[in-house]
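Student: Shown below is the structure under consideration.
The numbers here are math on the coordinates, done by the rules we state, and not lab data. Just so we're clear, the structure is a prediction, and the values are computed from it rather than from any experiment. Using ideal geometry, Cβ is built from the backbone for each residue, glycine included, and neighbour counts are taken over all protein chains shown.
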Amino acid sequence: MDKSIIKVLVIDDSMFIREVFARKLSEDIEIEVVGKAADVYEARDMILQYRPDVLTLDVEMPKMNGIEFLKRLMPQYPIPTIVVSAVSDKVFDALNAGAVEFVTKPSMNVNIDAFIKDLTAKIKIASKAKVEYPKRTVKIKDEIKKSIEYNTLDMVIAIGASTGGTNALFDILKVLPENMPGILVVQHMPPVFTKLYADRLNNNCALEVKEAENGDEVKSGLVLIAPGGYHMRVRKSGSRLFVETEKGTETNKVSGHCPSVDVLFESVAKTVGKNAVGVILTGMGKDGASGLLEMKKAGAKTIGQDEKSSVVYGMPKVAFEMGAVDKQLTLSKIPKGILDMIEEK
């Protein structure tokens, strides 16, 4: 078999979904659906038989759900997995268990071709992703958790991420002190899920985390997550900073995304200038690279995640090669790196 062909195993208890996925995905010349499993026990046997490169996995299934299956699978067979789920924060449990991406399960009124296009793109990304088990954990020294004792009112931390970013962001934010400068985040994620993600972070971090709304003030101790399907920019009014959100369309995507990291970073460069720190994390493609370069040119300090700790070393690689990164750090050192850069300001 051609090594460039991506072997996919579809796991779903719905025969209709299995057949549609298999037929539609196989229309792409780079993908071969090698098997269709109705439950995880069938899947286990097919994994041994076909050695797939990527799995698509339904979360809600009889006998054993997808999350429990991932927890058992990953120690022995760390296969890049895309979770197919209804709108639920269970997708984040699945990502934490080792899945690299997720898609929203299509309903009857969904454009199936648009859904398959999204799933196909994510399968191709997943095939290049680094899957590690056990899941890496960020170990931060206790002194990181101390309060910041310097003025942070006019500073902004801007962070961009894609594939692998949900866990990377959590690892960073959970150890930062509650009086950090205002933090703005673009994580590539569909609508609705960004609020679920923000709520999940808010319940597990010292910082307040919320999905951004148009007009929210950027302030110390607050993390604003760009809503799925909306670009987010920062603007200044007097001495205060606020965010603007703009609903996305097919024609106003930037670097192929909405929200786009480039849109956020470029607005921070223009509005905040040298009083900012930019961080680009794991993800496929180049979104955020040119924006990070603009931030650096405006006097901001910048950090890029390194290849070793990135699930997909795409966005930070492009940024690094463009000269946009002041410091390239492994994930576990990024929180300390951010604090050091704030102190330098």
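Student: Reachable lysines from LYS36, Cα under 27 Å, same-chain residues fewer than 8 places away excluded?
Tutor: Within reach: LYS3, LYS7, LYS24, LYS63, LYS71, LYS90, LYS105, LYS117, LYS122, LYS124, LYS128, LYS130.
Student: To continue, here is another question. Pick from VAL54, VAL268, VAL34 the residue whose mean-square fluctuation is largest in a GNM of the chain, springs joining Cα atoms under 10 Å.
Tutor: Fluctuation is largest for VAL34.
Student: Hey, what D do you get for the range 173-227 in µm²/s if you plug the Kirkwood alpha-carbon radius into Stokes-Einstein at 37 °C and 0.692 mPa s?
Tutor: Working: Rh = 11.1 Å.
Roughly 296 µm²/s, to the nearest whole number.
Student: Using the scaling law 2.2 N^0.38 Å as the reference, what is the normalised Cα Rg of the chain? List each step's numbers first, then the result.
Tutor: Details: Rg = 20.2 Å, N = 345, 2.2 N^0.38 = 20.3 Å.
For the chain, the normalised Cα radius of gyration comes out at 1.00.
Student: Compare the peptides 327-340, 218-231 by average per-residue count of other Cβ atoms within 10 angstrom and give them in order, highest first. Intermediate values should be presented prior to the final figure.
Tutor: Working: 327-340: 18.6, 218-231: 21.6.
Highest to lowest by the protection proxy: 218-231, 327-340.
Student: What residues have an amide H closer than 5 Å to that of SER220, excluding those fewer than 5 places away on the same chain, when H is modeled at 1.01 Å from N in the peptide plane?
Tutor: GLY182
Student: Using packing as a proxy for protection, rank 181-187, 195-201 so that the peptide with the highest average count of other Cβ atoms within 10 Å comes first.
Tutor: Values: 181-187: 27.1, 195-201: 19.0.
Order by mean packing, descending: 181-187, 195-201.
Student: Using 20 Å as the cut-off for backbone N distance, which residues of the range 267-295 belong to the label zone defined by a point 7 Å from the Cα of ALA206 along Cα→Cβ?
Tutor: 277
Student: Can I get the semi-axes of the range 6-126's equivalent ellipsoid? Compute them from the C-alpha gyration tensor as square roots of 5 times the eigenvalues, in angstrom, largest first.
Tutor: Working from the Cα gyration tensor, I get semi-axes of 19, 17, 14 Å.
Student: Can you grab the distance from the C-alpha centre of the range 59-77 to the C-alpha centre of the range 222-286, Å, no decimals?
Tutor: The two parts, judged by their Cα centres, are 36 Å apart.
Student: Gain in length, ASP113 to GLU178, computed as 0.36 nm per residue apart minus the alpha-carbon separation, to one decimal in nm?
Tutor: Using 0.36 nm per residue and subtracting the Cα-Cα distance, I get 19.0 nm.
Student: Go through ALA86, VAL20, ASN65 and say which Cα lies farthest out towards the positive end of the charge dipole of the range 6-126; charges sit on Cβ, +1 for Lys and Arg, -1 for Asp and Glu.
Tutor: ASN65
Student: While we're looking at this one, here's another question. For the range 187-197, just list the computed ³J(HN,Hα) in residue order, Karplus coefficients 6.51, -1.76 and 1.60, θ = phi - 60°, integers in Hz, with x standing in for Gly and Pro.
Tutor: 10, 4, 6, x, x, 6, 5, 5, 5, 4, 5
Student: Pull up the DSSP beta bridges for the chain and report the antiparallel fraction as a percent, rounded to 5. Please report the intermediate quantities before stating the final value.
Tutor: Values: 10 of 54 bridges.
Rounded to the nearest five, the antiparallel share is 20 percent.
Student: For the range 6-37 and the range 156-179, write down the distance between their C-alpha centroids in whole Å.
Tutor: Using only Cα atoms to place each centre, the spacing works out to 34 Å.
Student: For LEU48, project a label point 7 Å along Cα to C-beta. Then give me every residue of the range 1-36 with its amide nitrogen under 19 Å of that point.
Tutor: So the set is 9-11, 34-36.
Student: Next question, about the same structure. Kindly rank 292-298, 4-10 from highest to lowest mean number of other beta carbons found within 10 Å of each residue.
Tutor: Details: 292-298: 22.1, 4-10: 19.9.
By packing density, highest mean first, the sequence is 292-298, 4-10.
Student: Can you give the FRET efficiency to the nearest 0.05 for ASP199 and TYR41, using r as the Cβ-Cβ distance and R₀ = 25 Å?
Tutor: On the way: r = 34 Å, r/R0 = 1.36.
According to the calculation, E is roughly 0.15.
Student: Could you give the dipole magnitude of the chain about its Cα centre, charging the beta-carbon of Lys and Arg +1 and that of Asp and Glu -1, in debye to the nearest 20? Can you show the working numbers first?
Tutor: Numbers: 47 positive and 47 negative charges, 139 e Å.
With Lys and Arg at +1 and Asp and Glu at -1, about 660 debye.
Student: Now a separate question. Give me the extension gain from VAL192 to TYR77: residue separation times 0.36 nm, minus the current Cα-Cα distance, reported in nm with one decimal. Please report the intermediate quantities before stating the final value.
Tutor: On the way: separation 115, 0.36 × 115 = 41.40 nm, distance 3.13 nm.
Computed gain between VAL192 and TYR77 is 38.3 nm.
Student: Nearest 500 deg cm²/dmol is fine: what mean residue ellipticity at 222 nm does the chain get from its DSSP H runs of n ≥ 4 alone, each adding -39,500 (n - 2.57), divided by its residue count?
Tutor: On the way: 11 runs with 109 residues, N = 345.
Mean residue ellipticity at 222 nm (helix-derived): -9000 deg cm²/dmol.
Student: For the range 13-21, in order, what is each residue's ³J(HN,Hα) by Karplus, 6.51 cos²θ - 1.76 cosθ + 1.60 with θ = phi - 60°, in whole Hz (x at glycine and Pro)?
Tutor: My calculation for the range 13-21 gives 6, 8, 4, 4, 4, 4, 5, 5, 4 Hz in order.
Student: Can you give the net charge of the other residues whose Cβ lies under 12 Å from the Cβ of VAL277, counting K and R as +1 and D and E as -1?
Tutor: Details: positive: LYS274, LYS296, LYS301, LYS327, LYS345; negative: ASP326, ASP340, GLU343, GLU344.
Neighbour charge sum, excluding VAL277 itself: +1.
Student: So how far apart, in nm, are the two label points at ASP13 and ASN96 if each is 7 Å from Cα heading toward Cβ?
Tutor: For ASP13 paired with ASN96, the spin-label model returns 2.3 nm.
Student: If you take every residue apart from ARG240 with its C-beta less than 14 Å away from the C-beta of ARG240, what net charge results, scoring Lys and Arg +1 and Asp and Glu -1?
Tutor: On the way: positive: LYS219, ARG235, LYS236; negative: ASP154, ASP216, GLU217, GLU244.
Taking every Cβ under 14 Å from that of ARG240, the sum is -1.
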